[in-house]
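Engineer: My questions all concern the structure below.
We did not get these values from a lab; they are worked out from the coordinates using the rules stated. Because the structure is predicted, anything quoted here is derived from the model rather than measured. Glycine also receives a Cβ, built like all others from the backbone with ideal geometry; neighbour counts cover every protein chain displayed.
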Amino acid sequence: MVEGDALAGDVPVVNPWLPQSDRQGDTNGKPRRPVQRTSSELSGPEAPQGAGVPRPEQGLPLARPRLNDSRWWWLGVHGGAGVSTLEQAVPGGSDAERAWPVASGKQPVVLVARSTAHGLGAAQIAAQQWASRMVTGIDLLGLVVVADAPGRRPRVLRDRVRLVSGAVPRLWEVPWVESWRLGEPHLPKECVSLARDLIRLTQPT
């Protein structure tokens, strides 16, 4: 999500990861018309920027992943992020088991977090690890934020999501899916665009 995607009634949050010239507003201080973007478009930097170094004990560890033919890795940034459900609901990815997958060649990675204060904080730390070049050989595709409850999020969490979205290449938001609560991890309509985007982004060039 980017600045132009602010919900009605919300005060736009300035994205600190973007240059001043790219922020909303022209030279006369007049706001620009909001631009609608698809989830597969960039919301933040496409490559690490070498900034925002977290303390080593805060970040996720590095590990050599098991061999498989998956197209990307789901990297849960905290316990209970929803990786197991996404792995079954959106075919093509595998669980990185809470560690950055280190192997030969670029490894496509999708961060996964719940939309809680704890989950978004963990996502921010993982994004800082990537941005600071503390991890290498990673092709970070973006962040999936999985709803932790039905209904509209509190404003403080919506603002936190917008802030974190400026630190990762792309943001996908998965709303509350009642069928998952009932133990039915099929591909719901809420995840169709996510699946389509990931398949497109990981197609061989």
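Engineer: Quick one: which residues, 5+ away or cross-chain, put their amide H under 5 Å from the amide H of Ala63? H built at 1.01 Å from N.
Structural biologist: Excluding prolines and chain starts, which carry no amide H, the hits are Trp100, Val102.
Engineer: Can I ask one more? Over all distinct Cα pairs, what is the inverse of the mean 1/r for the range 82-205, reported as the Kirkwood hydrodynamic radius in Å?
Structural biologist: Values: mean 1/r = 0.0661 Å⁻¹.
Radius from the Kirkwood sum: 15.1 Å.
Engineer: Then there is this: Mind listing the phi-derived Karplus ³J(HN,Hα) values for the range 77-91, rounded to whole Hz, using 6.51, -1.76 and 1.60 with θ = phi - 60°, and x for any glycine or proline?
Structural biologist: 8, 7, x, x, 5, x, 5, 4, 5, 5, 4, 7, 7, 10, x
Engineer: Highest mean first, what order results for 93-100, 175-182 on Cβ atoms within 10 Å?
Structural biologist: Details: 93-100: 18.9, 175-182: 13.5.
So the peptides 93-100, 175-182, ranked by packing, come out 93-100, 175-182.
Engineer: Calculated FRET efficiency, Asp139 and Leu182, Cβ-Cβ r, R0 30 Å, to nearest 0.05?
Structural biologist: Values: r = 34 Å, r/R0 = 1.15.
In this case the efficiency is close to 0.30.
Engineer: Sticking with this one: What list of ³J(HN,Hα) couplings, whole Hz, do you get for the range 125-133 from phi and the Karplus terms 6.51, -1.76, 1.60, once you set θ to phi - 60° and write x for glycine and proline?
Structural biologist: Listing the rounded values in order: 5, 4, 5, 5, 4, 5, 5, 7, 6 Hz.
Engineer: So how far, in whole Å, is the C-alpha centre of the range 138-172 from the one of the range 70-127?
Structural biologist: Their Cα centres are 13 Å away from one another.
Engineer: Further question on the same structure: Show the residues, 5+ positions off or on another chain, whose built amide H is closer than 5 Å to the amide H of Val146.
Structural biologist: Ala113, Arg114, Ser115, Val174
Engineer: Over the range 86-205, what is the relative contact order in whole percent, taking alpha-carbon pairs under 8 Å and six or more residues apart? All intermediate terms of the calculation are to be shown ahead of the outcome.
Structural biologist: Values: 140 pairs, mean separation 35.3, N = 120.
Result for the range 86-205 is 29 percent.
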